[in-house]
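Below you'll find the structure, written out as structure tokens, and then a few comments.
Values quoted throughout were computed directly from the atomic coordinates according to the rules given, and no laboratory measurement underlies them. Owing to the predicted nature of the structure, the values given are computational and were not obtained by experimental measurement. Neighbour counts are summed over all protein chains in view; Cβ atoms, including those assigned to glycine, are modelled from backbone coordinates with ideal geometry.
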Amino acid sequence: MNLPAPIRVLLADDDEQMRRSTEQALDLAGFTVEAVSSAEEVLALAGPGLTAAVVSDIRMPGMDGMTLLQRLREIDPDIPVILVTGHAEVQLAVEAMRGGAYDFIEKPFTTQALASVLRRAVDHRALVLENRRLRAVAGKRDDVEARLPGRSQVMVDLRYRLRAIGASDADALIIGPTGAGKEVVARALHDLSTRANRPFIAINCAALPETLIESELFGHEAGAFMGALRARFGKFEHARGGTILLDEIGSMPFDLQAKFLRVLQERVITRLGSNEPIPLDVRFLATSKSDLEPEVAQGRFRADLYYRLNVAVLRVPPLSARREDIPLLFLQLLRESAARHGVEDRSPPPDLLAMLPAQDWPGNVRELRNMAERVVLGLDGSPVAGGTVERLAERVAGFERSVIAGAIAAHGGRLRAVYETLGISRKTLYEKMQKHGLDRRLIVEPPESDAESP
């Protein structure tokens with residue numbers, strides 16, 4: 001006989017006595033309860049695939065239940081949230097229902113009443129997750145999946161979170177390694193929003209000239225500085241009504257971060273040489289190749305700016321975290337490259353596809369795309385589709401052999417100098433020479449003073 005799985009509940013209440021008594025009552029009623037004392041702890045446990053219902057007191061120090069509701073809806077708008085209210089807070093709870101709460105329950109409540117609401121909430125959540133799974137199995141693709149393909153769980157979660165955030169007007173921080181597709185995510189967020197028909201302005205924070213950075217962003221009036229012959233819009237004004245992407249925001253100079261924080265909070269700018277504030281209707285997106293928290297700890301990034309950006313966060317995984325997606329992604333990149341270059345679209349050799357997931361791909365999607373380009377163009381000995389593509393391992397081995405042979409020749413066969421120059425041990429050098437069939441005597445005549453032998 002198969003027993004039903006216990007219903008999981010995340011319970012948040014800062015009142016220890018109330019939290020313990022509610023946890024115990026729900027446990028006796030057959031629920032699996034994770035009880036925490038703050039909303040922040042709930043957020044740490046939540047994700048787009050959360051299989052639990054959330055019960056939270058509406059009044060808590062720090063982040064309250066209303067704010068928790070908003071934050072959970074940014075993660076996944078279908079997470080059921082049940083708010084616990086006092087008698088005087090019923091109107092607030094009604095507002096929360098309009099804002100997306102699943103239900104509310106008024107103190108004092110019975111275990112039976114809360115259990116009834118929870119069972120309905122978790123049944124609803126199970127249906128939502130099952131519908132998502134069936135849609136994924138059916139292979140239905142939309143524009144987001146076409147841009148960010150992959151059936152790995154990390155990509156399914158990323159696309160779902162992107163869709164949830166994209167339709168809102170919330171600013172967002174996109175974190176991911178170089179070449180993983182952060183700008184693709186940013187453009188998808190823009191295109192999913194009501195600003196899709198307005199400008200999308202990308203600003204590389206690492207490439208802005210320090211002497212002109214404020215003028216580039218904020219614009220200037222005529223005569224604001226030497227050479228400013230006429231008034232000029234900055235990039236922020238050019239994006240009015242649209243989206244601004246601040247690429248690698250961690251590279252933004254520290255003194256400029258304070259001015260940008262003001263823009264982010266007040267949505268106004270002032271051109272250089274003017275005192276007239278200009279309203280700014282834009283959505284800000286920012287990217288970073290690494291978490292900014294260590295930069296804050298070391299004093300290189302403003303804490304207030306970090307926490308202002310850290311509301312809606314999207315993490316773009318490296319290829320190494322979704323190896324099962326690599327063959328299909330490579331096939332899509334091949335098709336795109338063939339279309340760009342007017343080359344007939346054909347399938348690559350199976351052995352090429354088989355070896356792709358085993359590689360590290362430090363350059364991520366960008367590196368994989370470059371390889372697809374080389375295969376399509378027949379570069380590096382890789383003919384256009386239909387021929388035999390040299391295995392990457394064979395190409396690496398050939399490169400290693402040429403480096404070692406070159407070093408032996410450069411050092412006149414003195415093997416100590418070779419392994420010291422290459423930064424490897426003598427034993428490793430000898431093993432690699434045997435592996436590649438290298439004999440120093442066939443490369444160069446060794447000097448008589450060299451007492452070493454391979």
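For the chain, the equivalent ellipsoid built from the Cα gyration tensor has semi-axes of 51, 34, 24 Å, listed from largest to smallest. Compactness of region 16-69 is given as radius of gyration and Dmax, 11.5, 31 Å, from Cα positions.
Fully extending the segment from residue 298 to residue 131 would add 55.6 nm, taking 0.36 nm per residue of separation and subtracting the current Cα-Cα distance. By other beta-carbon atoms within 10 Å, ranking 251, 193, 21 with the fewest at the front produces 21, 251, 193. Model label points for residue 307 and residue 147, set 7 angstrom from Cα along the Cα-to-Cβ axis, are 3.1 nm apart. Full extension of the chain between residue 67 and residue 230 gives 54.1 nm of extra length, using 0.36 nm per residue less the Cα-Cα distance.
If you take all C-alpha pairs in region 148-315, what percent of them are over 24 Å apart? So the portion of pairs separated by more than 24 Å is 37 percent. Between the amide H of residue 313 and those of 173, distances stay under 5 Å, these residues lying 5 or more places away or on another chain, with hydrogens modeled in the peptide plane.
FRET efficiency for the pair residue 110 and residue 17, taken as 1/(1 + (r/R0)^6) with r the Cβ-Cβ distance and R0 = 30 Å, rounds to 0.95. By other beta-carbon atoms within 10 Å, ranking 427, 235 with the fewest at the front produces 427, 235.
For region 7-135, compute Rh as the Kirkwood radius over C-alpha pairs and then the Stokes-Einstein diffusion coefficient at 20 °C and 1.002 mPa s; write the answer in µm²/s, rounded to an integer.
Taking Rh from Cα pairs, D becomes 148 µm²/s.
I need 355, 371 ordered by Cβ neighbour count within 10 Å, fewest first.
Starting with the residue having the fewest Cβ neighbours, the order is 355, 371.
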